[in-house]
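The values are calculated or read from the model by the stated rules, or taken from the named source; none is laboratory data. What you see is a predicted model; the values in this text were computed from it and never measured. Cβ placement follows ideal geometry from the backbone for every residue including glycine, while neighbour counts extend to all protein chains displayed.
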């Protein structure tokens, strides 16, 4: 067995056993590398960078056409020659893979990504305090204790968790979770996008960690969208209630800083995290759905000479959204209408036209302005 303690970055990338660990879900390899990382904590950063690099190489091989491969190889060769002529070799990581030792897919993919992902891996390794690096480090420390499911297909994939909860994992996404949840907490780690249907257990909170956001629930259904290269991340609530806060940079997942209060989301609400300004913004979803019916099933609402205040209360109950209005001003307003498959906002438009009112959405709530009815 090779002495991995003496390995450099490109030694790990070239090692067949290391690549098998990264690209497969072998329990034996997970157990081996988990034990090795615990014994050699000083190598964690390098191993994380190499793991990320190998994953990107594999993805590039699958996604690039033969023509794109040939073009990119030619371009990189020219760029590398220019770098040599300008004595700028210090811009390329000293642990570049050696082409003569590559075989099959690794030789082709590495040629394409040598400059791009090599430089990315270099800076990724050198800056472990970024959100993605911290998040990856936390996952790697749990290697061997987590099951990992990657959806490399073009369709969504159903994943059942140990507690019976269900996850719809969308294409290009990955989820990791323990084989058995602890009695105190249920934790899963997501990269990409997934829809969760969580079994309610008040004494066993359910936590979803991404590199940008952490979502805590008791029992509900919601979507988390957090792809690594996206400029924003979202949590969208379908039913129930969740709390969302920014994933801390300290690696202590689940601990909310005093100056970073969690946002509470209810049905048809979403929170968006902007990477640019590191801020959370709560809003309504673009198309609110009734919470009391199955998705896609229209709910008929009939009103005949019904007070508008009663109509608004019915819409609040149907969609789980707060509607603010002046009860006294609308006291004399009545509505006769039948609603079917119209969206919530189409219903509101019709109601406001009939009552000479208008509305706007403020902080995931609907505010109705009216002069009253005569």
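Numbers at a glance
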{"quantity": "Residue list for region 167-198, filter: assigned to a loop (DSSP other than H, G, I, E, B) and either exposed (fewer than 15 other Cβ atoms within 10 Å of the Cβ) or on the phi > 0 side of the Ramachandran plot (or both)", "calculated": "171, 172, 179, 180, 182, 183, 184, 185"}
{"quantity": "All positions within region 14-27 that are more than 20 Å from residue 174 (Cβ to Cβ) and in a helix (DSSP H, G or I)", "calculated": "14, 16, 17"}
{"quantity": "Residue that is modelled with the lowest pLDDT [pool: residues in region 352-367 that are more than 16 Å from residue 319 (Cα to Cα) and buried (at least 20 other Cβ atoms within 10 Å of the Cβ)]", "calculated": "355"}
{"quantity": "Residue within region 296-316 that is closer than 30 Å to residue 212 by Cβ, assigned to a loop (DSSP other than H, G, I, E, B) and at pLDDT 90 or above present", "calculated": "no"}
{"quantity": "Residue 325 vs. criteria modelled with pLDDT of 90 or more, in contact with a strand residue (DSSP E or B) (Cβ under 6 Å, 6 or more places away or on another chain) and either assigned by TED's automatic domain parsing to the domain that holds residue 214 or surrounded by 16 or more Cβ atoms within 10 Å (Cβ to Cβ) (or both)", "calculated": "yes"}
